[in-house]
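The values are calculated or read from the model by the stated rules, or taken from the named source; none is laboratory data. All values derive from a computational prediction rather than experimental measurement. Here Cβ is always computed from backbone atoms with ideal geometry, including for glycine, and neighbour counts include all displayed protein chains. Calculation scope for accessible area: heavy atoms of the full protein, side chains included, ligands and nucleic acids excluded. Shrake-Rupley method; radii C 1.70, N 1.55, O 1.52, S 1.80 Å.
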Amino acid sequence: MLRTTTCGALTLDNLGENVILCGWVQKSRDLGGMTFIDIRDRYGITQLVFNMDDNPQLCEAARSLGREFVIKAGGLVVERSNKNLKIPTGEVEIKITALEILNASKIPPFLIEDETDGGDDLRMKYRYLDLRRNPVRNNMVLRHRMAQSVRRYLDALDFIEVETPVLIKSTPEGARDFVVPSRMNGGEFYALPQSPQTFKQLLMVSGFDRYFQIVKCFRDEDLRADRQPEFTQIDCEMSFIEQEDILNTFEGLIRTLFKEVKNFDLPEVPRMQYADAMRWYGSDKPDTRFEMRFVELTELTKGKNFPVFDNAELVIGINAKGCAHYTRKQLDELTDFIKRPQIGATGLIYARHNEDGSIKSSVDKFYTEEDLKQWSAALQTEPGDLILIMAGVKDKVRKQLGELRLEMGSRLGLRDKNVFSALWVLDFPLLEWDEESERYHAMHHPFTSPKPEDIALLDTNPGEVRANAYDMVVNGTEIGGGSIRIHDRALQALMFKHLGFSAEEAQKQFGFLMDAFEFGAPPHGGIAFGFDRLCSIFAGLDSIRDVIAFPKNNSGRDVMIDSPSTIDEKQLKELKIKSTL
Ligand code: ASP
């Protein structure tokens with residue numbers, strides 16, 4: 001080894017030792033008679049000192065070092081007179097007797113420090129330099145810890161990690177596929193997996209019993225802060241289990257992660273029906289760090305000649321605690337918030353429960369103080385609270401009030417990143433109607449089993465059929481989801497029929513799976529966690545980009561390697577793809 005120790009290790013315990021360190025020049029200070037260099041590696045920073053009187057030549061050499069030069073320096077560990085107690089090595093310095101430049105460096109395009117002057121684009125272009133910075137590297141270390149913890153937990157429970165192929169087959173279900181042309185089979189394409197779903201089910205048919213994989217998945221979707229075209233799942237599957245077993249096993253995984261990585265005791269994860277989550281929070285991934293449940297006011301508000309409420313399918317309200325003092329301007333801000341095109345509501349009604357006990361609403365023309373008292377009782381308001389009410393078509397208004405609830409939660413400081421609240425959402429609908437294609441789509445995926453007692457509804461009322469499907473939500477973010485699978489050919493075929501596949505189409509696309517079901521498929525089910533999202537929640541970050549070593553930007557580009565890129569005519573020809581240029 002070129003070094004005897006790292007830049008984060010030396011303390012007063014090492015006084016008098018001769019050491020050799022390797023690392024990057026963080027900073028140098030030339031004080032005339034003395035030159036100080038801070039040398040940095042992954043483990044920390046150590047101060048090197050060069051003394052003109054002791055060794056003028058070495059001191060000159062030290063003066064010539066630029067930021068980010070890679071050096072090897074040897075010397076004696078001595079006590080510092082000017083101690084820096086903020087870092088572990090801050091009580092010592094190294095009196096240098098030998099110095100070697102291992103490699104020079106150009107001046108980096110931004111500061112390699114915790115607080116940098118580099119903008120996003122520049123840091124993405126030089127990601128390898130950004131990764132030298134502590135906050136960025138620490139995210140990768142956290143990610144590593146989490147991956148190790150996952151592996152330990154699942155290995156101890158007899159899960160086997162199996163790699164499934166990356167070049168697979170394109171199917172029309174789910175998101176858009178990334179495709180890869182096949183040179184050896186001109187005109188044909190592989191697809192990159194959106195998840196290893198069918199393979200992990202086939203492994204169950206093979207008798208693997210418990211499988212997991214920390215695996216890259218690919219979806220060609222429009223990007224958002226928490227999406228990347230390639231992302232990582234903790235993908236799992238088990239045989240001979242019921243839903244309850246999956247919930248317990250993977251609640252255990254998440255609680256273990258919180259304990260081992262964050263030293264946080266996540267309490268037992270509560271469970272909520274999908275229908276209740278929608279009714280109470282207007283979302284299938286409610287942020288349960290705070291309550292602020294919806295209260296239905298439809299009956300209480302009807303028949304007073306206020307057309308907005310009279311004509312609405314649903315009138316719902318929330319109690320914004322302690323917000324009665326909100327000014328007109330603040331209330332207008334909230335109204336503007338819900339009228340933004342992304343939310344698309346038409347208006348917001350409010351009522352203040354004043355400190356003196358009186359209640360005043362924005363619709364006093366239609367409602368008496370007696371009426372308002374009933375609203376207040378329903379929403380359990382106290383003096384000082386603010387009632388916010390929205391009305392409209394059921395599903396839509398729930399979603400809209402859900403957004404307002406989150407906004408109020410943020411304004412009231414109820415969404416602290418250091419507080420964690422997990423939730424299981426259970427019994428999702430099996431199917432969801434898609435306006436565009438005018439047919440039902442599988443809400444989770446087509447391999448999810450309906451609840452046996454609901455199968456009869458498939459023919460009469462498909463939208464009402466519930467699935468044996470579950471999601472885990474942490475702080476309002478879906479971090480994982482899965483289901484008990486169909487393992488019977490006939491039921492799988494019926495499912496495809498309801499999804500609008502002809503028997504031939506189903507056979508062509510998923511025949512391999514249905515055929516496998518005829519060779520002794522065990523009952524099975526599983527789950528997949530979004531590993532990047534989980535890491536970003538653990539790191540207290542909003543974007544998954546910061547927990548990925550080499551992420552893509554918002555246009556799906558890697559600006560460091562400049563990809564995607566065109567390929568030349570010769571390659572196109574080999575692939576039998578006609579150039580469109
Ligand atoms: N493959 C599913 C997904 O990616 C997860 C599962 O059902 O296990 O969402």
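Annotations
- Those residues of the range 532-581 which are polar (S, T, N, Q) and farther than 20 Å from residue 181 by Cα, in sequence order: 536, 543, 553, 554, 555
- Close pairs (6 angstrom Cβ cut-off, 6 or more residues apart or separate chains): touching a residue at least 24 places away in the same chain (Cβ under 8 Å) and over 30 Å from residue 574 (Cβ atoms) in the range 188-214, polar (S, T, N, Q) and open to solvent by less than 20 Å² (accessible area, probe 1.4 Å) anywhere: 204/239; 209/239
- Those strands (runs of 3 or more DSSP E) of the range 157-267 in which 2 or more residues are open to solvent by less than 40 Å² (accessible area, probe 1.4 Å) and either under 25 Å from residue 140 (Cβ atoms) or away from the ligand (no atom under 15 Å from the Cβ) (or both) occupy 210-218, 230-239.
Residue-wise test of (1) out of contact with any strand residue (DSSP E or B) (no Cβ under 8 Å at 6 or more places or on another chain); (2) exposed (fewer than 11 other Cβ atoms within 10 Å of the Cβ); (3) under 30 Å from residue 419 (Cβ atoms).
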| position | (1), (2), (3) |
| --- | --- |
| 530 | no, no, yes |
| 537 | no, no, yes |
| 544 | no, no, yes |
| 550 | no, no, no |
| 559 | yes, no, no |
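- One residue stands out in the range 417-445 among those that are in a loop (DSSP other than H, G, I, E, B) and open to solvent by less than 60 Å² (accessible area, probe 1.4 Å): the one that is modelled with the lowest pLDDT, namely 437.
- Some residue of the range 48-59 being open to solvent by 20 Å² or more (accessible area, probe 1.4 Å) and in a strand (DSSP E or B): yes
- Contacts under 9 angstrom Cβ, first residue in the range 499-527 being touching a residue at least 60 places away in the same chain (Cβ under 8 Å) and assigned to a loop (DSSP other than H, G, I, E, B), partner within 16 Å of the ligand (Cβ to nearest atom) and open to solvent by 60 Å² or more (accessible area, probe 1.4 Å), 6 or more apart: 517/487; 521/487; 522/487; 523/242; 523/487
- Of the residues making up the range 25-50, just one is acidic (Asp, Glu) and within 33 Å of the chain's Cα centre (by Cα), namely 41.
- Test: residue in the range 357-373 that is within 23 Å of residue 279 (Cβ to Cβ) and at pLDDT 95 or above: no
- Scanning the range 446-497 for residues that are closer than 21 Å to residue 523 by Cβ, open to solvent by 10 Å² or more (accessible area, probe 1.4 Å), within 16 Å of the ligand (Cβ to nearest atom) and of a type in the set (Val, Ile, Thr) returns a single hit, 484.
- Tabulated pairs, the range 360-374, first without any contact (Cβ under 8 Å) to a residue 12 or more places away in the chain, second loosely packed, with under 13 Cβ neighbours inside 10 Å, C-beta under 8 angstrom, 6+ apart or interchain: 369/358
- Top-ranked residue of the range 61-95 - restricted to ones that are touching a Cys at 6+ places or on another chain (Cβ under 9 Å) and in a strand (DSSP E or B), ranked as most open to solvent (accessible area, probe 1.4 Å): 72
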